[in-house]
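The values are calculated or read from the model by the stated rules, or taken from the named source; none is laboratory data. Source: prediction; values computed, not measured. Please note: Cβ atoms are built from the backbone with ideal geometry, for glycine as well, and neighbour counts cover all protein chains shown.
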Amino acid sequence: GYTLLWTGQYEFQVRARERFQILIPIVFFTIFILLYMTFRSVSEAIVVLLSVVFAMTGGILLQWRLGYNFSVAVWVGYIALYGIAVQTGVIMMMYLHEALDKRLRRGGELTKQDIWDATVAGSVLRLRPKLMTVTVVMASLIPIMWSTGVGADVMQPIAAPILGGMVTSTIHVLINLPAVFYVMKVRAWRKGTLKLSGMTSAG
């Protein structure tokens, strides 16, 4: 009889897809465990992990707009994007905790307005560094998207998810994350469970 065996580029793509189906869940699980070990809170770990979801949304939108199919190069771009998104989310959360811890160390009666002021202060401290990071990353990737030289067909699918994801990830980190942090801390304050995070030194 006759048999049909796919080989070449298609075969490599199928193998890569099967490996990524195993690798991506492992990456997400590992990120979550590391976040939980950092914040000692499932809810805060999930909030930071949402940075990956927002980043993926922007990456998929730009990938669709440019007409790129899912490939090894595209998935490499997404994995790099996930790392950037989680890193910026962790830093924002640490700034927010630091601002709230400063208020808690002053003592006295804590009010809802104090939590709001601490959240705003932490967000503002992170605003300029975050915008600088996004600007530098985008400035370095845009020339790749316009390039036509050798290797452009490989680099562009890698750069596209990162470029699109940085935009939506920034919106989450600068707006959604502080808002959710405020809601969580107000809820803890009302329950009487709000305390120092232990992530910053007393000095």
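Scan (1) at pLDDT below 85; (2) farther than 28 Å from Val137 by Cβ for the single condition Val42 breaks and write down its number.
That leaves (1) as the condition not met.
Can you run down the residue pairs with Cβ atoms below 6 Å, 6 or more apart or on separate chains, where the first is in the stretch 173-187 and closer than 21 Å to Thr57 by Cβ and in contact (Cβ under 8 Å) with a residue 60 or more places away in the chain and the partner is among the hydrophobic types (A, V, I, L, M, F, W, C) and surrounded by 16 or more Cβ atoms within 10 Å (Cβ to Cβ)?
Short answer, once both residue conditions are applied: Val173/Met92; Leu177/Met92; Val180/Val47; Phe181/Leu96.
Would the stretch 3-15 turn up any residue that is surrounded by 12 or more Cβ atoms within 10 Å (Cβ to Cβ), among the basic types (Lys, Arg) and modelled with pLDDT under 85?
The answer is no, given that none of the residues of the stretch 3-15 is surrounded by 12 or more Cβ atoms within 10 Å (Cβ to Cβ), among the basic types (Lys, Arg) and modelled with pLDDT under 85.
Considering each of Gly59, Gly67 in turn, give the residue that is buried (at least 18 other Cβ atoms within 10 Å of the Cβ), over 24 Å from Ala188 (Cβ atoms) and of a type in the set (Gly, Ala, Ser).
Residue meeting the stated conditions: Gly59.
Quick check on this structure: which one of Thr168, Thr119 is within 17 Å of Leu62 (Cα to Cα) and either modelled with pLDDT of 85 or more or of a type in the set (Asp, Glu) (or both)?
Criteria check complete, one pass: Thr168.
Could you say which residue among Val76, Val173, Val154 is at pLDDT below 85 and touching a helix residue (DSSP H, G or I) at 6+ places or on another chain (Cβ under 7 Å)?
So the residue among Val76, Val173, Val154 that is at pLDDT below 85 and touching a helix residue (DSSP H, G or I) at 6+ places or on another chain (Cβ under 7 Å) is Val154.
Does Thr30 qualify as being modelled with pLDDT under 90, of a type in the set (Val, Ile, Thr), surrounded by fewer than 16 Cβ atoms within 10 Å (Cβ to Cβ) and touching an Asp or Glu at 6+ places or on another chain (Cβ under 9 Å)?
For Thr30, the condition - modelled with pLDDT under 90, of a type in the set (Val, Ile, Thr), surrounded by fewer than 16 Cβ atoms within 10 Å (Cβ to Cβ) and touching an Asp or Glu at 6+ places or on another chain (Cβ under 9 Å) - is not met.
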